[in-house]
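Chemist: Quick one: structure below, then a few questions.
The values are calculated or read from the model by the stated rules, or taken from the named source; none is laboratory data. No experiment lies behind these values; they were computed from the predicted model shown. With ideal geometry, Cβ positions are generated from the backbone for all residues, glycine too; neighbour counts draw on all protein chains shown. These accessible areas exclude ligands, DNA and RNA; they are computed on the full protein's heavy atoms, side chains included. Shrake-Rupley method; radii C 1.70, N 1.55, O 1.52, S 1.80 Å.
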Amino acid sequence: MSIEGHSSAPGANMIVEHYCEHRHADGIRCKEWGGWGNSPSPAVPTRWWCWEQFPHKTFEQEQALRRKLETAEGGKIIQ
């Protein structure tokens, strides 16, 4: 794999790992990968969540997640 054409700016080719920012009721932070980010503007740092905790889902996406959890738990939803 070639790096030809990549930026030479300091930190431009650095990988940043971000995990879910959600904290459970017991205060322990979620350990899932934070693949869903949101920021109200470029001046505000991006906050990251896993899909299950992502607060900006549409109603349809929320319903699909609920059905998935119900199927996985045999009808019981754990929140």
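Chemist: Hey, can you find the accessible area per residue of the chain for me, probe 1.4 Å, expressed in square angstrom?
Modeler: With all protein chains present, the chain gives 85 Å² per residue.
Chemist: Given that just one value was derived from the coordinates, which of (1) 35; (2) 24; (3) 53 is percent of Cα pairs over 20 Å apart?
Modeler: Read-out from the structure maps to (3).
Chemist: Right, next: State the answer as a single residue: which of A72, W51, G35 lies farthest towards the positive end of the charge dipole of region 23-79, with beta carbon charges of +1 for Lys and Arg and -1 for Asp and Glu, about the Cα centre.
Modeler: G35
Chemist: In the chain, carbon and sulfur make up what percent of the accessible area (probe 1.4 Å)?
Modeler: Percent of accessible area from carbon and sulfur atoms in the chain: 55.
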